[in-house]
Amino acid sequence: MTENPKPDFGDLLAALPDASGGEQFETLLERPGLRIVRIVSGGQATPPDEWFDQEEDEWVVLLRGAAGLLIDGEGDARSLAPGDFAFLPAHCRNRVEWTDPDTPTVWLAIHMAPAAD
């Protein structure tokens, strides 16, 4: 007889790490082709002239704080508030222009293999 699998519970907004010295990344779940990460920012931004260009698709939601997300080719950063999300397909160049320096900005990022063409 197999043992009943045990669920895992947590609170994404509890016990936030100090991000004043740099963004903090915590992998919450990882499976083949899937990774879920909590990111805590404290006033950080992507360095000037650098872009994220990932091999994976990413779906990200802002849970707390505020941020500005710039997509390559768009003129202005999109302001994100709690509840706002974005789907960034693989190789969609983007950068974080700013995060709230006074309140921890908490993101939940889901990275997955891109859909087959």
- Item | Failed criterion for V40 (all others in (1) more than 23 Å from A115 (Cβ to Cβ); (2) outside any strand (DSSP E or B) hold) | (2)
- Query: When both residues are 6+ apart or on different chains and their Cβ atoms are under 9 Å apart, which pairs have a first residue that lies in region 75-87 and is farther than 24 Å from P114 by Cβ, and a second that is of a type outside the set (A, V, I, L, M, F, W, C) and in a loop (DSSP other than H, G, I, E, B)?
  - Reply: A81/G65; P82/G65
- Message: On the basis of being of a type in the set (K, R) and either touching a Leu at 6+ places or on another chain (Cβ under 8 Å) or modelled with pLDDT under 95 (or both), does R95 make the cut?
- Response: yes
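Does A14 count as small (G, A, S), surrounded by 15 or more Cβ atoms within 10 Å (Cβ to Cβ) and assigned to a loop (DSSP other than H, G, I, E, B)?
So A14 fails the test.
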- Message: Could you check region 17-37 and list, in sequence order, the residues that are part of a loop (DSSP other than H, G, I, E, B) and in contact (Cβ under 8 Å) with a residue 40 or more places away in the chain?
- Response: A19, G33
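The values are calculated or read from the model by the stated rules, or taken from the named source; none is laboratory data. These numbers come from a predicted model, not from an experiment. Cβ coordinates were reconstructed from backbone atoms using ideal geometry, including for glycine residues, and neighbour counts include every protein chain displayed.
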